[in-house]
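**Student:** Sharing a structure here in C-alpha cells format.
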Amino acid sequence: MESPVVRFKDVSYAYEQKNVLTKINFSIPKGSFMGLIGPNGGGKTTLIKLLLGLINPDEGSIDLLDQPRDKFKEWNKIGFVSQKANSFNKGFPATVFEVVSMGLTAKVGYLKFLTKAHKEKILSTIDQVGMLDYAYQNIGNLSGGQQQRVFIARSLVNNPELLILDEPTVGVDYENVQRFYELLNRLNTDYGITLLLVTHDTGTMTEHATDIACINTRLHFHGKPEEYNNLTDRDLSKLYGHPVNLVTHDH
Ligand SMILES: Nc1ncnc2c1ncn2[C@@H]1O[C@H](COP(=O)(O)OP(=O)(O)O)[C@@H](O)[C@H]1O
Ligand SMILES: [Mg+2]
C-alpha cells in the first residue's frame, strides 16, 4: 500500500497543564478525503497546528510525505485554508487575482515580477475554483462562500498534494456549502489532491468524505463514513462525552 501523506504516531500535546491530545495514532491515506470531526475544544485545530509545525508534540512523532516533520521542507506541498479566511474585511483593497497571486509571491517575490506563465497559472487556478468571472473584482465585495473559493485557489496555485481546511464552511449558507463540497470532491477526484477537512457539519461531510476521524482528546473513531453512520447514539455520546443531539449547531 502507498504510504500515507500524514502519519501521527502516539502524539500527545498539552497547553500548560491542560491535556488536549493523548496518544493520537492517525494517518491520512494518499488521495483520500479525510473528514476530521469532534466536539468544540476536542483538539482538532491543535492537531492541525501540530501537523503544520506551529507547535511541537510533547510525545510521539509526525511524518509528512514520508519525512519526519522536523526535517520536512516542502511546505508548499501542503496548503492550508483557515476559518478566518471568510471574515475578510470588506474594504480590503485586493482583487481576486492579487489574492491568488499571493500564494505564488511567497516563492517568486513581488507581484510585478510575475511572468506570463505565472499569470496564466493564477488565472487557470481561479478558473479551477469557478471564480474566473470575478478575477478582477475586489475580494471584499464577494460573498463568504466566494471568498473561501478564492482562498482555496491561493493554496492551490502551488499545486499542493495535501489541502487542509479548518471549518471552512462556518458562516456559509446551505446552498453554497453544497457547491463548496462539490468543489472539494472535484479537487480530490479530478486533481488527486488529498484533503483534510475539519468540520462540525457531520451530516454533509459523511456524504462526501472517503474517511472519517473523530477526536475528543483521544482518537475515538477512524474509518469509513458507512461505519461512522452505523455508530449508535450510545457510541456517539461516549465520543462526545455527553448525550448527543449531533454537533451540527455550533457557532
Ligand atoms: N493557545 C492555547 N492556549 C491554551 N489552551 C488552548 C490554546 N488553544 C486551544 N486551547 C485549548 O485546547 C483545547 C482544544 O482546542 P482546539 O484544538 O482549538 O479544539 P477544536 O479545534 O477541536 O475546537 C480547548 O480546550 C482549548 O480551549
Ligand atoms: Mg478548531
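**Student:** Using a 1.4 angstrom probe on the protein heavy atoms only, could you order Lys116, Lys23 from most to least accessible area?
**Tutor:** Order by accessible area, largest first: Lys116, Lys23.
**Student:** At a 1.4 Å probe radius, which order do Asp127, Asp235, Asp190, Asp70 fall into by accessible area, largest first?
**Tutor:** From most accessible down to least: Asp70, Asp190, Asp127, Asp235.
**Student:** If you don't mind, another one. Given the protein chains as shown and a 1.4 Å probe, how many square angstrom of Arg7 are accessible, to the nearest 10?
**Tutor:** Here the accessible area works out near 100 Å².
**Student:** Below 16 Å, Cα to Cα, which aspartates and glutamates can Lys23 reach? Residues fewer than 8 away in the same chain don't count.
**Tutor:** Those aspartates and glutamates meeting the cut-off are Asp10, Asp58, Glu59, Asp63.
**Student:** Among the listed pairs Lys18/Lys77; Lys9/Lys77; Lys77/Lys224; Lys44/Lys73; Lys9/Lys224, give every one whose C-alpha distance is greater than 30 Å.
**Tutor:** Where the Cα-Cα span goes over 30 Å, the pairs concerned are Lys18/Lys77.
**Student:** Assuming 0.36 nm per residue, please report the length gained on full extension of the stretch Lys18 to Glu182 beyond their Cα-Cα distance.
**Tutor:** 55.2 nm
**Student:** Could you give the alpha-carbon Rg of region 181-243 over 2.2 N^0.38 Å, rounded to two decimals?
**Tutor:** For region 181-243, the normalised Cα radius of gyration comes out at 1.21.
**Student:** Also: Could you state how much accessible area Leu132 has, in square angstrom rounded to the nearest 10, with a 1.4 Å probe and all protein chains kept in place?
**Tutor:** 80
**Student:** Roll a 1.4 Å probe over the protein heavy atoms and report the accessible area of Lys9 in Å², nearest 10.
**Tutor:** Answer for Lys9: close to 90 Å² accessible.
**Student:** Mind listing P(r) for the chain? All alpha-carbon pairs, 10 Å bins, whole percents.
**Tutor:** Spelled out per bin, shortest first, that is 7, 30, 35, 22, 6, 1.
**Student:** Further question on the same structure: What's the longest piece of the chain with no exposed chymotrypsin sites (Phe, Trp or Tyr not before Pro), counting a site as exposed if DSSP puts it in a loop and it has at most 13 other beta carbons within 10 Å?
**Tutor:** In short, 1-109.
**Student:** Now for a separate question. Rounded to the nearest 500 deg cm²/dmol, what is the calculated helix-only ellipticity per residue at 222 nm for the chain, with -39500 (n - 2.57) per DSSP H run of length n ≥ 4?
**Tutor:** -10000 deg cm²/dmol, from helical runs alone.
**Student:** Compute the Rg to Rh ratio over region 120-247 from the alpha carbon atoms, using the Kirkwood formula for Rh, and round to two decimal places.
**Tutor:** Ratio of gyration radius to Kirkwood radius: 1.03.
The values are calculated or read from the model by the stated rules, or taken from the named source; none is laboratory data. Note that this is a predicted model, so its numbers are computed, not measured. Note that each Cβ is placed from the backbone with ideal geometry, even for glycine, and that neighbours are counted across all protein chains shown. For the accessible areas, the whole protein counts, side chains as well, though only heavy atoms, and no ligand, DNA or RNA atoms are used. Shrake-Rupley method; radii C 1.70, N 1.55, O 1.52, S 1.80 Å.
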